[in-house]
Amino acid sequence: MEIVILDEFMVDVAPDDLIRVLGLKRKDYPKKEEIKEIIQKEISEIKKLIEPKGIYRIIDYEETNRHPIFENAKKIALAICTIGSKLEKRSSELMRENQMLKGLIYDAYGSEAVEQVACQLDSIISEQARKMGFYPSKRFSPGYGKWEIEEQAFIFKILPGEEIGVKLRSSFMMEPRKSISFRINFYNEPVNNGKKSLCAQCKMKNCPFRKEE
Amino acid sequence: MRIEDLFEQMKKSIINGNKEEAERLAREAINKGLDLNEVINKGYVPGIQEVGRLWEEGEYFLPELLTSAECMKSAMSILEPELVKSGDKRKTEGKVIIGTVEGDIHDIGKNLVAAMLTANGFEVIDLGADVPLNMFVDKALEEQANIICLSALLTTTMIGQKKVVDMLKEKSLKGKIKVMVGGAPVTKEWAERIEADGYGENAMEAVKVAKNLMSR
């Protein structure tokens, strides 16, 4: 199947979510509101630095490298998404300029932002799977569970990451850092792994692609 | 104003994360012709030490640590050139070469460690991210550094930390230049296995470990 490239994603990280990413969620943290204010002030600047892009391709099981994690799947979607490199460059720059906290906030925002992009791309692919009459699995990334980090090479063999500005280093790390690669298996039968769906877990309540509550 | 009161104000400026105040007091110390090493050691250093204590007690969190480290760096950037001008230099806790190992482009954690080491009196030479492994050893020799800090954020790049330890062994520098390792997948067990001299789970822990290594 053909390669699909998308660049229309909605990224909107709330200060509360960043408080969680920064590890400051605990109730007795006295400066929570102060930090939220700092975050709020930076958000418009941060958003200018985010350039979300995604790429995916749906392949038949026969086109895979027969890794056991593809077993029983009829088709497999492989995907890469990113928010580009501008934000992480600015974050590093801020840290070099002795603005450590601001730099950390920029980085944390980027981490949440790319998660949101992955969440939306996941929804688009899962919807397509359903339209094709399949049952999509949740998304899984190399380096987690039984899918080794080295399998990044397979994703990048199937997908031209450079089309969205993402390259794979020899250490299997993606550049820009704020990028996520994943797979979704398409099955003939419903899959149930006993966990909440990613949409239900996703904090982005107003996401246009949100499917479940 | 008594000099002790000025020192107290300096300490508070660091604890409260007040950059403007920390800078203002540094300029005041210069204008008054005070002994700047004394200013650093009796005014600012007790401030960052107190911040470390508050962190350990769970009163301070990462934002406070970072803001205080920023203040410390700002004050030092005013005081240190003056020290140099007068033919003196800041008495440091030790010289550290820090970087993220080859193949790894993560730098946030490494930056946090570098900032906290700097704030706590270490002279830190930050080589950045994706640093060729031999550069750590070459730079440490060139700068006569005491410690090399190696950051790795992936299981695939952690091996670089071991390679640097091995390089030091080959050059009979093991023990002379100490190695500290850190990063998300790095554990105390890994540090022991590769025979690193220290492991820091977080930036403040790294400061403790570094000070400990210097006192050995």
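The values are calculated or read from the model by the stated rules, or taken from the named source; none is laboratory data. Everything quoted here is computed from the prediction, not taken from an experiment. Positions of Cβ are backbone-derived with ideal geometry, glycine not excepted, and every protein chain shown enters the neighbour counts. When the accessible area is computed, the model is the full protein with side chains, heavy atoms only, and any ligands, DNA or RNA have been set aside. Shrake-Rupley method; radii C 1.70, N 1.55, O 1.52, S 1.80 Å.
Which residues, taken from region B:115-160, are among the small types (Gly, Ala, Ser), open to solvent by less than 10 Å² (accessible area, probe 1.4 Å) and assigned to a helix (DSSP H, G or I)? Correct list: B:119, B:140, B:160. Across region A:22-41, the number of residues qualifying as surrounded by 12 or more Cβ atoms within 10 Å (Cβ to Cβ), in a loop (DSSP other than H, G, I, E, B) and more than 19 Å from the chain's Cα centre (by Cα) comes to 5. Where helices (runs of 4 or more DSSP H) sit wholly within region B:1-78, those with at least 1 residues that are more than 15 Å from the chain's Cα centre (by Cα) and farther than 23 Å from residue B:206 by Cα occupy B:3-15, B:19-31. Across region A:129-155, the qualifying residues are those that are open to solvent by less than 40 Å² (accessible area, probe 1.4 Å) and assigned to a helix (DSSP H, G or I), and the one among them that is modelled with the lowest pLDDT is A:149. Among the residues of region A:90-100, those that are among the hydrophobic types (A, V, I, L, M, F, W, C) and crowded, with 24+ Cβ neighbours inside 10 Å comprise A:95, A:100. Which members of region A:61-73 meet the condition of being polar (S, T, N, Q) and surrounded by 15 or more Cβ atoms within 10 Å (Cβ to Cβ)? The answer is A:64, and nothing else. Selection of region A:42-68 for residues being within 20 Å of the chain's Cα centre (by Cα) and outside any strand (DSSP E or B) yields A:43, A:46, A:47, A:48, A:49, A:50, A:51, A:52.
Kindly establish whether residue A:87 is touching a residue at least 24 places away in the same chain (Cβ under 8 Å), in a helix (DSSP H, G or I) and buried (at least 20 other Cβ atoms within 10 Å of the Cβ). Here the answer is yes, as residue A:87 does meet what is asked.
Any idea which of B:112, B:133 is within 14 Å of chain A (Cβ to nearest Cβ) and under 12 Å from the mean Cα position of the chain (by Cα)? Residue meeting the stated conditions: B:112. Taken as a whole, region A:117-137 holds no residue that is among the aromatic types (Phe, Trp, Tyr) and within 14 Å of chain B (Cβ to nearest Cβ).
Taking the criterion of being charged (D, E, K, R), modelled with pLDDT of 90 or more and buried (at least 21 other Cβ atoms within 10 Å of the Cβ), the residues of region B:83-114 that qualify are B:102, B:104, B:110.
Considering A:19, A:80, A:76, A:58, which residue is hydrophobic (A, V, I, L, M, F, W, C), free of Cβ contacts under 8 Å to residues at least 40 places away in the same chain and buried (at least 16 other Cβ atoms within 10 Å of the Cβ)?
Numbers: A:80 fails: free of Cβ contacts under 8 Å to residues at least 40 places away in the same chain; A:76 fails: free of Cβ contacts under 8 Å to residues at least 40 places away in the same chain; A:58 fails: free of Cβ contacts under 8 Å to residues at least 40 places away in the same chain.
Result of the check over A:19, A:80, A:76, A:58: A:19.
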